[in-house]
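The values are calculated or read from the model by the stated rules, or taken from the named source; none is laboratory data. Model, not experiment: these values are computed from the prediction. So basically every Cβ, Gly included, is an ideal-geometry build from the backbone, and we count neighbours across all protein chains shown. The accessibility values were calculated without ligands, DNA or RNA, using every heavy atom of the protein model including side chains. Shrake-Rupley method; radii C 1.70, N 1.55, O 1.52, S 1.80 Å.
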Amino acid sequence: MSLELPEWAWQRAEVRKALRARDVGAVFRHVQQYAGASQARIATATGMTQARVNEIINGRREVSRLDVYERIADGLNMPDDARHLLGLAARREKRGGGRAFDLAAFPEVVRVYSEQASAAEEIRRRARTASELDVLAVRGLGLIGLNDSLLRGSVTRPDPPQVRVLLLDPEAPALAVRAAEIGESVESLASGVRLAEARLRELSDSGDVRVYRYRMLPTWRIIRLDSTLFVSAFDAGWEGHESATYKLMETPHGSLYRGFRRMFEAIVDDGVRTV
């Protein structure tokens, strides 16, 4: 039996912060506060044991599986905007044939991380042996442009991968829009892109490193390591590394994985190569 929170509760800043951070323990605590629900009641609504709910509330266990997030959202009767903050599709969204759109229906989504930092260890591990590396970012400094960035070590190893990096054109109108969204000056954001290009150019003499500029307003942030994708979203309220990060594996009929690969190749084809 599902739980019902007052509609206003889902609009409170602390609840929305917990949803965006995918902090299920905090969400459960807010459910206790605003719905007066016990741990046993939350457990019944979300299909868990009371012991598991207690561990999550007290920070001894994290939720990472997409199907569990879906079960929690359904059990708490989350409205669509709350589901979106948690990184889930709206219950009312549709795809072809009138079937309800549900990210859990995509078998290639194998894990959901609360943010990039939670996925960093796995990303670095996979990058050590990857033969191909694709990156779609805004400026890419935290991903690959600086010495201590997430992927820099994989590009400077003795047997570096083939690298393609897509960065937002510092002259494009979309860069000014993105700068305003994150509260940064246009000059600062543009100089960050140019710095990343310069640092990547340093690597092009010793490996296959290609850098392209794109001009559209960024929506998806992508890291591809061979047949594994790590995908997160850009939005006006946060930067890409702060978003939930989805791990996708290539499968024979994986439409989501294939769609992201197709999008990346289309942006490369339409972009301007600078390195």
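Overview of results
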quantity: Scaled radius of gyration (Cα, divided by 2.2 N^0.38 Å) that segment 199-275 gives; calculated: 1.22
quantity: Estimated FRET transfer efficiency when R0 is 30 angstrom, pair GLU7-SER38 (beta carbons, to 0.05); calculated: 0.85
quantity: Most to least packed among 157-163, 18-24, 36-42 [average Cβ atoms within 10 Å]; calculated: 18-24, 36-42, 157-163
quantity: Cβ-based charge dipole, segment 182-275, positive-most Cα from PHE260, ILE222, VAL275; calculated: PHE260
quantity: Rounded accessible area of TRP8 (nearest 10 Å², 1.4 Å probe); calculated: 140 Å²
quantity: Relative packing of peptides 57-64, 82-89 - highest average C-beta neighbours within 10 Å first; calculated: 82-89, 57-64
quantity: The chain, relative contact order [Cα under 8 Å, separation at least 6], %; calculated: 18 percent
quantity: Residue-averaged [θ]222 nm for the chain, counting only DSSP H segments that reach four residues, each worth -39500 (n - 2.57); calculated: -11500 deg cm²/dmol
quantity: Cβ crowding within 10 Å averaged over residues, with 146-156, 111-121 ranked highest first; calculated: 111-121, 146-156
quantity: Net charge of neighbours whose Cβ lies under 14 Å from the Cβ of GLY153, counting Lys and Arg as +1 and Asp and Glu as -1; calculated: +4
quantity: Per DSSP, loop trypsin sites (Lys or Arg not before Pro) in segment 188-275 with at most 10 further Cβ within 10 Å; calculated: none
quantity: Exposure rank, largest accessible area first [MET78, MET263; 1.4 Å]; calculated: MET263, MET78
quantity: Relative intensity, log₁₀ I(q)/I(0), of segment 133-254 from a Debye sum that treats every alpha carbon as a point, q = 0.13, 0.18, 0.21, 0.22 Å⁻¹; calculated: -0.51, -0.95, -1.23, -1.31
quantity: Answer label for semi-axes √(5λ) of the Cα gyration tensor in Å (calculated), chosen among (1) 29, 20, 19; (2) 37, 20, 18; (3) 31, 20, 18; calculated: (2)
quantity: Per residue solvent-accessible surface (Å²) - segment 149-236, probe of 1.4 Å; calculated: 40 Å²
